[in-house]
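Take a look at the structure set out below.
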There are 2 protein chains.
Amino acid sequence: MLAQAATASHFPGNTLTGHSFAGRDRLGDLGRMPASFAPEQPHQVAFYEANQEIYAQGEEAKALYQVEYGVVRLYRLLADGRRQISAFHVAGEVFGFEADGRHHFFAEAVCGAGIRVFRQPAGEGTWRQTLSAALEALVRAQEHLLVIGRQNAAERVAAFLLDMRKRQGGERQIELPMSRTDIGDYLGLTIETVSRMLSKLKSSGIIRLTNARVVEVLDEAALEALCE
Amino acid sequence: MLAQAATASHFPGNTLTGHSFAGRDRLGDLGRMPASFAPEQPHQVAFYEANQEIYAQGEEAKALYQVEYGVVRLYRLLADGRRQISAFHVAGEVFGFEADGRHHFFAEAVCGAGIRVFRQPAGEGTWRQTLSAALEALVRAQEHLLVIGRQNAAERVAAFLLDMRKRQGGERQIELPMSRTDIGDYLGLTIETVSRMLSKLKSSGIIRLTNARVVEVLDEAALEALCE
DNA sequence: CGTGGGGTTGATGGAATTCAATTGCTGTGG
DNA sequence: CCACAGCAATTGAATTCCATCAACCCCACG
């Protein structure tokens, strides 16, 4: 089940993206977590290729995962194939905890990703750490509910860009490791709508599309105003 | 900040609703939690009237809350007043945990509700219990993301009815303690759309509307088929 | 009996989806 | 180096679904 280190030479997606989250310079909002989760535990780092499955819905949950570099998506499917990505996870973030020992979601690497795997996190301080990470994820999910449930397409895309920006350290230059399909499935929109909204932001002078996967924020205030 | 026991004679909403969740006959999905959360701790039960605030966004989080009876809504607001209810909580469920010591949401009683308040849950087994409850909430929120992000109005209402049914023990008769406005703000729809979808389910012979707040499921299979 | 809030129903407009065509990018092979 | 294939992204036109606006109904309550 664990990924064997793939051919590291063939780094999927644009290499820019592959590097953007590397180096653990950014722990996201998990500053309260130790740099290494449960450091007293022996653990392994696995490399996952772009689009490689980390775990599947229904599988037994027997480990916790921390992103070393790269990006991971968690998602769920409807019977007819409609997909909802509930979260993207970047370097430093922990995912994979489940309430009842079974995974309720799929986890896949968005781009080449290094994942630290913690089996049986039974250490004593670990409960507290896991709780902290779970609460982060909970707040994120609940805030995302507001975006999806009550904001229109333009606001969703703006919120997404600002979120990605914050998680990448607040630079003007934002890298989008994921495809438009991923963004759409995260925001509850179609790829066409995502594209249209990005074009609109661009023609409004709020952002610049260096290329399809790199966005530069020109008017931060306007972008934030969009999210109300 | 704590609610004083309100005039218990004036039970808000229909009294039916007030009773429906009482008696702790149903713990929702928290079966793994002890009947009394952290029982070794001294704690108090507060009564909240319908629509009474339990805590507000931005407030310091200094307690955990367990619903004894009644229903609670957690929600967040946009600047222009749009509201997203991220969760309803019924008897047995725990809410109020926050990642950084501040509440990120509002909590209000939907109808008259008894809430057990746990201050400083520092007990040792408590971490594990809290984690369990937080993970429940996380799975719920993420599953709700799928409903809101990828299902249409009819599917959302059907999913809502099935969820309420499950949480009330699976009876054919479902009570809806919350207003159409609450349901709409939970499902990311307007009250008109919620009403229309309920009418459609009714005219399709899938449900019966005993009255505005009581639904009887006539064709369970059809209802489940709607959620795909 | 009148009043008011919650709920339902109808008509209309608009935002996002769907379907379709085109462009742009990346990697491959001649 | 250029041509081409294949995929991702963009753009346009038509359609659909839901929100909006508005009228009305239903009851609980004074």
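What follows draws every value from the coordinates through simple rules; no lab data is involved. Since the model is a prediction, treat every value here as computed from it, not as a measurement. Don't worry about glycine lacking a Cβ; one is built from the backbone with ideal geometry, like all the others, and counts go over all protein chains shown.
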Would you kindly calculate the translational diffusion coefficient of the stretch A:89-217, applying Stokes-Einstein with the Kirkwood radius from alpha carbon pairs, for 37 °C and a viscosity of 0.692 mPa s, and quote it in µm² s⁻¹ without decimals?
199
From the residues A:V214, A:Y186, A:I174, which one has its Cα farthest along the dipole of the stretch A:153-226 in the positive direction, the dipole being from +1 and -1 charges on Cβ of Lys/Arg and Asp/Glu about the Cα centre?
A:V214
Using amide H atoms built 1.01 Å from N in the peptide plane, name the residues 5+ places from B:E68, or on other chains, whose amide H lies under 5 Å from its own.
B:G92, B:G114, B:I115, B:R116
Overall form of the stretch B:153-226 per C-alpha gyration tensor (a/c, 1.5; a/b vs b/c)
rounded
Cβ-Cβ FRET estimate between B:L218 and A:L77, R0 fixed at 25 Å, reported to 0.05:
0.30
Straight-line reach from A:K62: which aspartates and glutamates have a Cα under 16 Å away, not including same-chain ones fewer than 8 places off?
A:E53, A:E98, A:D100
Where Lys and Arg each count +1 and Asp and Glu each count -1, what net charge lies around B:E228 among other residues with Cβ under 10 Å from its Cβ?
-1
Would the stretch A:73-122 count as rounded, prolate or oblate if I go by the C-alpha gyration tensor, calling it rounded below 1.5 in a/c and otherwise prolate when a/b exceeds b/c, oblate otherwise?
oblate
